[in-house]
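Written out below as structure tokens is the structure these notes cover.
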Number of protein chains: 2
Amino acid sequence: MAYTIGLDYGTNSVRCVIVDVAEGSELGTAVYEYETGDAGIIIDSADHNLARQNPADYIKGIEATVKKALAQAKKIRKNFNAAKVVGIGVDTTGSTPIPVDKNGTPLSFSDQFKENPNALAWLWKDHTGHAEAAQITELAKKQHPEYLDKCGSTYSSEWFFSKILHCLRTDPKVFDAAYTWVECCDYIPAVLTGTEKPERIKPSRCAAGHKAMFNADWGGLPAKDFLSKLDPKLGELRDRLYSETYTVQTKAGGLTDEWAKKLGLTAGIPVAVGAFDAHLGAVGSGIAPGKLVKIIGTSTCDMLVSPADQQLADIPGICGIVDGSILPGFFGLEAGQSAVGDIFNWFVNYIQPGGPYEGSHEALTEKAANLKPGQSGLLALDWNNGNRTILVDQRLTGLLLGQTLHTKPEEIYRVLIEATAFGALTIINRFEEYGVKVSEVINCGGIAEKNPLLMQIYADVTGREMKISRSAQSCALGAAIAGAVVAGAQSGAYDTFPDAQAAMCGIKDKTFKPMAKNQEIYRRLYKLYKQLHDAFGLKDSSAKLGDLMKALLNIKDRANA
Amino acid sequence: MAYTIGLDYGTNSVRCVIVDVAEGSELGTAVYEYETGDAGIIIDSADHNLARQNPADYIKGIEATVKKALAQAKKIRKNFNAAKVVGIGVDTTGSTPIPVDKNGTPLSFSDQFKENPNALAWLWKDHTGHAEAAQITELAKKQHPEYLDKCGSTYSSEWFFSKILHCLRTDPKVFDAAYTWVECCDYIPAVLTGTEKPERIKPSRCAAGHKAMFNADWGGLPAKDFLSKLDPKLGELRDRLYSETYTVQTKAGGLTDEWAKKLGLTAGIPVAVGAFDAHLGAVGSGIAPGKLVKIIGTSTCDMLVSPADQQLADIPGICGIVDGSILPGFFGLEAGQSAVGDIFNWFVNYIQPGGPYEGSHEALTEKAANLKPGQSGLLALDWNNGNRTILVDQRLTGLLLGQTLHTKPEEIYRVLIEATAFGALTIINRFEEYGVKVSEVINCGGIAEKNPLLMQIYADVTGREMKISRSAQSCALGAAIAGAVVAGAQSGAYDTFPDAQAAMCGIKDKTFKPMAKNQEIYRRLYKLYKQLHDAFGLKDSSAKLGDLMKALLNIKDRANA
């Protein structure tokens, strides 16, 4: 009997799960909500692009969750013994870089910078660096187009160098004080294993490849010359970053005595190199070639793998294609939607906050479920937070069309769900256009679990059966699986990911199959969605929209007939 | 000392005012809310196009309001004497045709039809006849394009023949039982003067010209041959309609003994021929050449006059150009927006019904007033109820664009106001493009009175000073002015409209002047509005929208800088 721990650092909280490696069941789980800011995020009312986090919250969260989860495991299984925890895996949000000093200590821990938001962790959804992202993209297009070929032809404001360059430009004091910048997913394993010193950290292939243009083809990180053109200081920083990266089957180190004591675990047990939540979530959902894993939360990540020894085209608009970023031996392909749950949250929390509809997701979903496809005459674009895949454009916004004097909240709520489904289909189509077959779709994340209406709409819109990962905590489970693989068979765990996944992953019994009648209507609606998508999303589209409102009304009339 | 009565039949209620003709002051006023239906409107949850009214409510409203208003006048002015009421004027919504029998009695008063909504008054905003409207437009384009030249090149579903033809097609029993159809504004004066018999009614030039294609140039109503092609029975109906029409300076008849007794007025006092609320509202607001009167309510009517002895181009998209429809001796020009207040009501009542924002117009307006132009990054089209001027297209719908995850209700509320302002500017521009100068803008209606934010936005968007009619009841005042002109100078009133208007109309002291800083931003936003307007509103537009969201974000960034 062996157990591993998965630590899953999300946008608002960190979760710890204790997993039985024999069957993947979760014996204990605990959540720590970050204390600083608004639901764990430091925001700026004058600049909606800003989103930071306090690294101290990350560290507090370790002890708070691990001890509680261990205690729970003991309650659930009498013969549970913390000594049988044989490995730890970590996943985090990303790109969430933290400026650190020579010792790897976050600058925000110093008196000098503790009040400065630029010294905190720059959360994945911080978009303050959008101008810098555009500049990086422009320079790469001219001088190193290959850098962009693997990351959707556009470097995002959410990514590593955009953020660092923005800091350099707007707060040089912080930039100058930082010895280097460390991804959150590298920082946590380093803390646990006492390897925070930058030269000792084993950087995550996942983070480096997807967010920092790291690729063996051009010798690792982007050339110093390239970074220097953006700013000479950025070029200098390259020397203080890294040249090697590691997949999650690598041991970042052994748990320090200090942490072992504090947590009640065995010192020296292996901690896996970190990866992003979506990537380990895909692992925890049983990702394999042909299986698309959709992690649906505030945003989505759409994950696929493709054998690394086979030819793979560069797919425009896909966030990244990185060898080993999800599973060793496979290209990890990452796409995603910038906002899904966040759009529904926006509608419920900001626009529709009370009154006769009660303003809850549940009440709106119940009413929306009574509507037929096309019946509202509405159509929306799911771009309230920009478009990640396939347009890779942060400077796009939401659109709602077709409202009359009778349009009701539940109609808008439903059409926002449909818009995210159309966005999901656009991603699947893009993969398949470039030869990456999607033969199975496995969903995970809270919304997939809780909202059967959304799952049915996704099935109807995509024309594919929607399956749901058995674990409610696929990311944490994926981290625990990484912990199991670094522990290895000699510790009672596994030597390979396929072995670990076969034992520890599964699918729920309830799946959602497409309904032909709905599919036909959604096919027509998707054509209109795509017209809007191209008209507003492509620079040189000359889409004819003069009949679009009437086409929607025709669909509406038919649906109501 | 002489007084007149104005009876103003609105969408939800009828209002009576007792006016002192010397200065236009209102001594007594009373309102009767129609009893039948939802706020006076019979609707059909399965067909949002349907909107009917019960003519019995119209009649009940006469006694209910006149007696109450007279009583109030007596309280306010001790020497007031109902015997000094020298004339009555009437305005109503329109086109609101009522099917009647040979005696002019509404079919809905009969046992046979009392439960049938098709036998009721077909309220102006009933759009069930949209297919028939399209057919009438199509046939006229082929055979009598001149019919459309005076009414914006499209015959609307809101108008007389669209409704009658739809009744003929869908409920032939009602159509066959109707001897003829009478406009509400013809029906009320007929009731008061005992001239309900169709051959005795003096039909309103205003209603006939704007809604029934009546024009002296082609001998009155559309040719029998034309109507017969739509349906032979419609051709036959023409013989039972009318061949002469009258302006509001004509006496419809004298008040009957019965009504005089019932109301406490003098028998035989003149009742003016009726007109639509907007037209008499323009009169009550002091309309004259160059003075645009905007009547802002659930929708708007935008009224201008142009001397009938001068050349005037046909103006595409304008609802109507009719000699004498507003003032005798002038072409009356009518344009309008299908929804203004209704859009704000929709947002407050349907979408944003409670919670922290309290969901009231007042609360949202207060918050919206703190925002700067362009600051929200939002843009909307004001088409939730279609577009009357300049597109004349009922099958257009609303659009909201630019929303993020932070967009707040008050931002949407403000941008909906701005959208209606852009719609208003589009109308002004259209008039001026065709040589009708707009040198002054006078607003009336509840929203103009109550919402200084809206007035300021209209001033900033149109670049024109916004003035507000002194009377809070411009339509009823206009009706009372018509009552004064039919009474004439010999009764202590006036012989001409200019004389009556000079004495009885006025402007409020508080006006709204455009602010240069806001104008500049709105000029940029209007360009984007016009791009959307043309892209979605014109059949063959190939507007490039690929940069529109970014242009809005640039305006937003500047506004927030």
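The requirement of being more than 10 Å from chain B (Cβ to nearest Cβ), surrounded by fewer than 24 Cβ atoms within 10 Å (Cβ to Cβ) and aliphatic (A, V, I, L, M) is not satisfied by residue A:405. Of the strands (runs of 3 or more DSSP E) lying entirely inside region B:217-325, the ones with 1 or more residues being open to solvent by 40 Å² or more (accessible area, probe 1.4 Å) are found at B:251-254, B:291-296, B:320-323.
For region A:19-29, give me each residue that is in contact with a helix residue (DSSP H, G or I) (Cβ under 6 Å, 6 or more places away or on another chain) and surrounded by fewer than 20 Cβ atoms within 10 Å (Cβ to Cβ). Spell out the reasoning first.
Going through region A:19-29, the residues in contact with a helix residue (DSSP H, G or I) (Cβ under 6 Å, 6 or more places away or on another chain) turn out to be A:19, A:21, A:24, A:27-29.
Of everything in region A:19-29, just one residue is in contact with a helix residue (DSSP H, G or I) (Cβ under 6 Å, 6 or more places away or on another chain) and surrounded by fewer than 20 Cβ atoms within 10 Å (Cβ to Cβ), namely A:27.
Looking across region B:188-202, the residues that are open to solvent by less than 30 Å² (accessible area, probe 1.4 Å) and in contact with a helix residue (DSSP H, G or I) (Cβ under 7 Å, 6 or more places away or on another chain) come down to B:188, B:191, B:192, B:201. Selection within region B:64-90: residues that are of a type in the set (D, E, K, R) and not in a helix (DSSP H, G or I). The member of this set that is surrounded by the fewest Cβ atoms within 10 Å (Cβ to Cβ) is B:78. Checked against (1) open to solvent by 10 Å² or more (accessible area, probe 1.4 Å); (2) over 23 Å from residue A:40 (Cα atoms), residue A:148 passes all but condition (1). If the condition is being among the hydrophobic types (A, V, I, L, M, F, W, C) and either within 23 Å of residue B:350 (Cβ to Cβ) or within 14 Å of chain B (Cβ to nearest Cβ) (or both), then region A:408-434 contributes A:412, A:415, A:416, A:417, A:419.
Filtering A:142, A:150, A:163 for residues that are of a type in the set (Lys, Arg) and more than 25 Å from the chain's Cα centre (by Cα) leaves a single hit, A:142. Please verify whether residue A:198 is assigned by TED's automatic domain parsing to the domain that holds residue A:139, over 17 Å from residue A:95 (Cα atoms), touching a residue at least 60 places away in the same chain (Cβ under 8 Å) and part of a loop (DSSP other than H, G, I, E, B), treating the condition exactly as stated. Judged against the criteria, residue A:198 is a match.
Among residues of region A:56-79 that are closer than 30 Å to residue A:115 by Cα and modelled with pLDDT of 95 or more, those with a beta-carbon under 8 Å from a residue that is of a type in the set (Asp, Glu) and open to solvent by 10 Å² or more (accessible area, probe 1.4 Å) at least six positions away or on a different chain give the pairs A:57/A:35; A:60/A:35. Annotation: of all residues in region B:368-386 being assigned to a loop (DSSP other than H, G, I, E, B), of a type in the set (A, V, I, L, M, F, W, C) and within 13 Å of chain A (Cβ to nearest Cβ), the one that is nearest to residue A:407 (Cα to Cα) is B:383. Counting only residues that are out of contact with any Asp or Glu (no Cβ under 8 Å at 6 or more places or on another chain), within 10 Å of chain B (Cβ to nearest Cβ) and among the charged types (D, E, K, R), region A:525-556 holds 5 of them.
Selection of region A:66-81 for residues being closer than 14 Å to residue A:26 by Cα and out of contact with any Ser or Thr (no Cβ under 6 Å at 6 or more places or on another chain) yields A:66, A:68, A:70, A:71, A:72, A:73, A:74, A:75, A:76, A:77, A:80.
Per-residue answers, yes or no, for (1) open to solvent by 10 Å² or more (accessible area, probe 1.4 Å); (2) free of Cβ contacts under 8 Å to residues at least 24 places away in the same chain:
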{"residue": "A:92", "(1), (2)": "no, no"}
{"residue": "A:112", "(1), (2)": "yes, no"}
{"residue": "A:116", "(1), (2)": "yes, no"}
{"residue": "A:120", "(1), (2)": "yes, no"}
{"residue": "A:142", "(1), (2)": "yes, yes"}
{"residue": "A:155", "(1), (2)": "no, no"}
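What do you reckon, is residue B:559 in contact (Cβ under 8 Å) with a residue 40 or more places away in the chain and either within 26 Å of residue B:298 (Cα to Cα) or not in a helix (DSSP H, G or I) (or both)?
Criteria not met by residue B:559.
For region A:387-424, a residue qualifies if it is modelled with pLDDT under 95 and among the small types (Gly, Ala, Ser), but none of them does.
Test of understanding: among B:92, B:96, which residue is closer than 21 Å to residue B:19 by Cβ and in contact with a Cys (Cβ under 9 Å, 6 or more places away or on another chain)?
B:92
Here is a yes/no grid of residues against (1) crowded, with 20+ Cβ neighbours inside 10 Å; (2) closer than 22 Å to residue B:505 by Cα:
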position: B:427; (1), (2): yes, no
position: B:431; (1), (2): yes, no
position: B:434; (1), (2): no, no
position: B:439; (1), (2): no, yes
position: B:442; (1), (2): yes, yes
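Selection of first residues in region B:392-410 that are under 19 Å from residue B:300 (Cα atoms) and of second residues that are aromatic (Phe, Trp, Tyr), restricted to Cβ pairs under 6 Å at least 6 apart or on distinct chains, gives the following pairs, ordered by first then second residue: B:396/B:383; B:397/B:383; B:398/B:383. Residues that are away from every other protein chain (no Cβ under 11 Å) and under 30 Å from residue B:371 (Cβ atoms) do not occur anywhere in region B:488-506.
The set of residues in region B:513-537 that are without any contact (Cβ under 8 Å) to a residue 24 or more places away in the chain and among the aliphatic types (A, V, I, L, M) comprises B:516, B:535. Residue check: residue B:349 meets all listed conditions (1) part of a helix (DSSP H, G or I); (2) open to solvent by 20 Å² or more (accessible area, probe 1.4 Å); (3) away from chain A (no Cβ under 13 Å) but one, namely (3).
The residue list B:426, B:420 contains one member that is in contact with an Asp or Glu (Cβ under 8 Å, 6 or more places away or on another chain), in the same structural domain as residue B:550 (by TED's automatic domain parsing) and assigned to a helix (DSSP H, G or I), which is B:420. Residues of region B:9-18 that are over 21 Å from residue B:74 (Cα atoms) and crowded, with 20+ Cβ neighbours inside 10 Å: B:9, B:11.
Checking the conditions here, which among A:365, A:389 is among the hydroxyl-bearing types (Ser, Thr, Tyr), more than 9 Å from every other protein chain (Cβ to nearest Cβ), surrounded by fewer than 24 Cβ atoms within 10 Å (Cβ to Cβ) and closer than 19 Å to residue A:458 by Cα?
Answer to the selection: A:365.
The values are calculated or read from the model by the stated rules, or taken from the named source; none is laboratory data. Computed from a predicted model, the values in this text were never measured in an experiment. Because the Cβ atoms are built from the backbone with ideal geometry, glycine has one as well, and the counts that use them run over all protein chains shown. To get the accessible areas, we keep the full protein, side chains included, count just its heavy atoms, and leave off ligands, DNA and RNA. Shrake-Rupley method; radii C 1.70, N 1.55, O 1.52, S 1.80 Å.
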